[in-house]
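For reference, the structure is listed below as structure tokens.
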Amino acid sequence: MQAKARSVSVRRDDVLVLMRLMWLAFVGMLLVLAQSVAAQARNESLAPLAEQISPAVVNITTSTLIENQTGPQGIVPEGSPFEDFFREFQDRNGGDDENRPRRSNALGSGFVISEDGYIVTNNHVIAEADEILVEFFPGDGQPAKELVAKVIGKDEKTDIALLKVEAEGPLKYVQFGNSDTARVGDWVIAMGNPLGQGFSVSAGIVSARNRALSGSYDDYIQTDAAINRGNSGGPLFNMDGEVIGVNTAILSPNGGSIGIGFSMASNVVVKVVDQLREFGETRRGWLGVRIQDVTEDMAEAMGLDKPGGALISDVPEGPAKEAGLLAGDVIISFDGVEVEDTRGLVRQVGETTVGKSVRVVVHRDGGTQTVLVTLGRREDAERAENDEDETPDAQVEENKDILGLTISPLGDSQREELGLDAETEGLLVTNVDEASEAFEKGLRAGDLITEAGQQKVTSIADLEARMDEAREAGRKSLLLLVRRGGEPRFVALSLEE
């Protein structure tokens, strides 16, 4: 029995020793792996990527002739008794030269997108320029070279311009990548000519996506890669050397980089560049409606399950009216894509081919309808004057206070005073209670209510009937269509007393 016990004890010790050895071996492997990763990280550099793509990045210098005004401008007020004295002083010190036309120079960046010399930059870099010079950075022992560029086309809405240079041979160029695949946290590189210092590289990450600044077609990538004045028009690269953005703007209290820069997403830029290259101008789709976002109280007033889509506030002459879309329709799908808000719809319509027939799904009268619309061209519509809406006369009634508003139907004298057509109808807001919800939501005296509950109103009785119908349907709000200066918008007011 003792021999057996001893044998068992020996085997157990052997197992423990083996386990310790295995653990030590595992720890050793982890240490070796960690050292390998650290060494690899120390050796990692962006230099190979920068060397690969930098030949396609260019400096852009623009020159504009400015006519100077005569006289001591900005020194003394015009007509001052000292004006003759300062003019004489300027003449003695070369004032005649100061009054001659002079050239103003500006700097920016750009990048080559084809071997035959097409270059992308910002519109604001080359706007109003008389002369555009493109400087290619030196490489392979060759000195820097400068070529004159001509403008192929430009787009103010996205701040993109397309230039062309004539070179002796094929140029090195870069390609666009898919900006939609860029994720917050991905590494990016910005290249350009910051503050006129020449070729410069900065690195950072994608800080945010889908930023909007002020335009209808904005889709900016936000980055903390240093972007300064002069970087405008330069490329934002991903780690594959593809352009995923065009550096356009910075957010800064002092004009310098504070780590908040914006690059127009490449998927927007590509569409614009293709049109500029083919037509010399943009050709955006046009639906022909005025729209606004659907708020929670509007959704409740219209019987929608949740806010979303784009509410049509007006349908002037154009493709939408010809197809049968109506004010009060909520566009919930365009060309097979769900509409989240007005911004998304504007971009999608603008990116759709002019003349294409698309299916537009709208919420109307508690259900959905599909309307086939053939898109027009936005640029043509912007050049044309829209006709004013015309509606029949309203009978004169006394003022009445409803929903915090003092209202009355339009009379001839009111139409004349407001500059309205003789056939315009609706209810005129003559006063708004400043403590009311109506005042809080922006209604003011002079506004014209043309619809309530998505039906026309020509009298106070019409409005009261719409209020009763909404209450009977169990709704807590009433949707009003209000016009101010000819511009329509929807406002939902609570019916609860």
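Structure values in brief
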quantity: Only one of ARG283, ARG229 that is part of a loop (DSSP other than H, G, I, E, B) and either under 16 Å from GLU351 (Cα atoms) or of a type in the set (Phe, Trp, Tyr) (or both); calculated: ARG283
quantity: Test: residue in the stretch 400-409 that is over 23 Å from GLY318 (Cβ atoms), crowded, with 21+ Cβ neighbours inside 10 Å and at pLDDT below 85; calculated: yes
quantity: Neighbours by Cβ (under 6 Å, 6+ apart or cross-chain): first from the stretch 456-485, under 23 Å from GLY411 (Cβ atoms); second in a loop (DSSP other than H, G, I, E, B); calculated: THR458/ALA394; THR458/GLU425; ILE460/GLU397; LEU463/VAL457; ARG466/GLY453; VAL482/ASP447; ARG484/ASP447
quantity: Test for SER202: is it at pLDDT below 95, of a type in the set (Gly, Ala, Ser), surrounded by fewer than 23 Cβ atoms within 10 Å (Cβ to Cβ) and part of a loop (DSSP other than H, G, I, E, B); calculated: no
quantity: Every residue from the stretch 315-330 that is within 15 Å of LEU480 (Cα to Cα) and touching a strand residue (DSSP E or B) at 6+ places or on another chain (Cβ under 6 Å); calculated: ALA327, ASP329, VAL330
quantity: Scope the stretch 471-497; condition touching a helix residue (DSSP H, G or I) at 6+ places or on another chain (Cβ under 7 Å) and not in a loop (DSSP other than H, G, I, E, B); matching residues; calculated: SER477, LEU478, LEU479, PHE490, ALA492, LEU493, SER494
quantity: Close pairs from the stretch 197-211: first under 22 Å from ARG183 (Cβ atoms) and not assigned by TED's automatic domain parsing to the domain that holds ALA265, partner crowded, with 18+ Cβ neighbours inside 10 Å and of a type in the set (Phe, Trp, Tyr), Cβ under 8 Å, at least 6 apart; calculated: none
quantity: Some residue of the stretch 173-194 being among the basic types (Lys, Arg) and either in a loop (DSSP other than H, G, I, E, B) or over 18 Å from the mean Cα position of the chain (by Cα) (or both); calculated: yes
quantity: Residue satisfying all of: in the stretch 293-314; crowded, with 18+ Cβ neighbours inside 10 Å and over 24 Å from the mean Cα position of the chain (by Cα); nearest to ARG483 (Cα to Cα) among these; calculated: MET298
quantity: Test result for GLU379, in a helix (DSSP H, G or I) and more than 22 Å from ARG489 (Cα to Cα); calculated: yes
quantity: Filtered residues of the stretch 226-241 (kept if touching a residue at least 40 places away in the same chain (Cβ under 8 Å) and buried (at least 19 other Cβ atoms within 10 Å of the Cβ)); calculated: GLY230, ASN231, SER232, GLY233, GLY234, PRO235, LEU236, PHE237, ASN238
quantity: Residue among GLY196, GLY177, GLY204 that alone is of a type outside the set (D, E, K, R) and more than 19 Å from ILE53 (Cα to Cα); calculated: GLY196
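The values are calculated or read from the model by the stated rules, or taken from the named source; none is laboratory data. Please read all numbers here as calculations on a predicted model, not as lab measurements. Note that each Cβ is placed from the backbone with ideal geometry, even for glycine, and that neighbours are counted across all protein chains shown.
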